[in-house]
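Take a look at the structure set out below.
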Amino acid sequence: MASELPELPEAIEGAATRLLERHLDRTKEWFPHELVPWARGRDFEPGEAWRPDEPLAPGVQSALWVGLLTEDNLPHYFHALASTFPPESAMGEWTRRWAAEEGRHAIVIRDWVSVTRSLDPVALERARMRQVTSGFDQASRNETIADAVVYVALQELATRIAHWNTGRHLDATGAAVMRRVAADENLHFLFYRDMATVLLEVDPSAAMLAIDRQVTSFAMPGAGIAEFARHASLIAASGIYDVAVHYEQILLPVVLRHWRVEAVEGLSPEAEQARQHLLRHVARVRRVAERLRAASGADPASNPCAAPGAGAGTER
């Protein structure tokens with residue numbers, strides 16, 4: 001039971017308290033209903049076949065589909081995190097605040113796609129029922145506190161990038177929705193990123209082992225969605241999220257530059273092996289990213305789908 005979880009080390013509690021206070025100081029109140037173009041809506045008749053008002057490209061439809069179903073599975077993510085941290089701790093308080101903010105995302109995205117008829121609402125509801133009923137495979141994500149924090153840092157940034165890039169393919173109202181959601185995800189990413197930085201200082205070996213596990217096995221929480229591979233392929237083809245984006249906007253700025261994994265000192269032999277394994281993995285991903293960019297003739301700095309300041313710690 002959560003009440004039986006051991007107390008967190010003082011350094012972790014202190015950092016969580018400080019980062020929660022920083023988050024509350026930076027976050028802005030917003031209301032999902034104010035972003036939805038309700039005047040464009042009309043009734044859905046029972047049994048009515050779905051037809052989009054303005055058809056979206058397949059990759060954009062897939063990005064909305066996967067993004068919304070991922071947000072829908074919040075009860076399982078919250079349970080996983082709440083089971084990791086003592087409820088009376090600062091991390092427990094943060095987890096509840098995080099869940100409250102995350103809850104708005106599925107609300108506003110679903111309202112927008114319903115009003116604009118961008119996704120088939122019947123198919124979407126059936127997929128939501130399957131997704132939430134199936135749950136969430138935690139794998140090694142909660143093996144240690146460091147694993148939980150590192151994974152969510154990577155996942156929050158990946159989600160922020162995907163939402164932001166999806167919005168660039170939508171009309172002005174859709175873009176506003178996705179920018180607002182991405183702004184929340186950015187602040188959540190900053191909390192977890194900086195908590196992981198603290199863990200590297202408190203216990204560098206445990207943190208390095210966790211970073212190696214989570215980076216080399218990384219998969220988005222929506223990977224359990226039916227036909228995820230097909231959706232992921234379409235999303236990558238659209239430039240919304242692919243291997244090159246993953247390397248350029250997550251691995252390079254966060255793992256290599258912010259966490260500075262190559263410069264961490266005081267590692268145990270096992271953690272040093274993990275670091276070398278991690279660096280080999282990152283190098284392989286970099287080579288794949290470079291081949292993708294070369295094949296497309298794109299300059300990473302001019303990528304029209306790049307989220308501004310991705311991984312750099314900017315707030316919007």
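The values are calculated or read from the model by the stated rules, or taken from the named source; none is laboratory data. Model, not experiment: these values are computed from the prediction. Note that each Cβ is placed from the backbone with ideal geometry, even for glycine, and that neighbours are counted across all protein chains shown. To get the accessible areas, we keep the full protein, side chains included, count just its heavy atoms, and leave off ligands, DNA and RNA. Shrake-Rupley method; radii C 1.70, N 1.55, O 1.52, S 1.80 Å.
Might you check whether a residue that is polar (S, T, N, Q) and free of Cβ contacts under 8 Å to residues at least 60 places away in the same chain occurs anywhere in region 159-177?
So far as region 159-177 goes, no, none of its residues is polar (S, T, N, Q) and free of Cβ contacts under 8 Å to residues at least 60 places away in the same chain.
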Do any helices (runs of 4 or more DSSP H) entirely within region 51-120 hold 2 or more residues that are open to solvent by 30 Å² or more (accessible area, probe 1.4 Å) and under 14 Å from Met178 (Cα atoms), and if so, which? 58-72, 90-116
Is region 231-249 home to any residue that is at pLDDT below 95, out of contact with any strand residue (DSSP E or B) (no Cβ under 9 Å at 6 or more places or on another chain), open to solvent by 30 Å² or more (accessible area, probe 1.4 Å) and acidic (Asp, Glu)? no
State whether one or more residues within region 253-263 are among the small types (Gly, Ala, Ser), at pLDDT 95 or above and under 20 Å from the mean Cα position of the chain (by Cα). no
Select from region 121-157 the residues that are part of a helix (DSSP H, G or I) and basic (Lys, Arg) and list them in ascending order. Arg126, Arg128, Arg130
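Per-residue answers, yes or no, for (1) without any contact (Cβ under 8 Å) to a residue 60 or more places away in the chain; (2) under 18 Å from Gln249 (Cα atoms); (3) not charged (D, E, K, R):
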{"site": "His188", "(1), (2), (3)": "no, yes, yes"}
{"site": "Phe191", "(1), (2), (3)": "no, yes, yes"}
{"site": "Asp194", "(1), (2), (3)": "no, yes, no"}
{"site": "Arg213", "(1), (2), (3)": "no, no, no"}
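Scan region 236-261 residue by residue and report those that are charged (D, E, K, R) and under 17 Å from Arg280 (Cβ atoms).
If we filter region 236-261 for residues that are charged (D, E, K, R), which is where we start, we get 242, 248, 257, 260.
Across region 236-261, there are no qualifying residues.
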Within region 224-269, the residues that are acidic (Asp, Glu) and more than 30 Å from Ala127 (Cα to Cα) are Glu248, Glu262, Glu265
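Select, from Leu279, Leu292, Leu267, Leu256, the only residue that is surrounded by 14 or more Cβ atoms within 10 Å (Cβ to Cβ), more than 25 Å from Met195 (Cα to Cα) and of a type in the set (A, V, I, L, M).
Leu292
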The number of residues in region 146-181 that are open to solvent by 30 Å² or more (accessible area, probe 1.4 Å) and either under 18 Å from the mean Cα position of the chain (by Cα) or of a type in the set (Lys, Arg) (or both) is 4
Can you find a residue in region 124-142 that is within 22 Å of Leu190 (Cβ to Cβ) and surrounded by 19 or more Cβ atoms within 10 Å (Cβ to Cβ)? yes
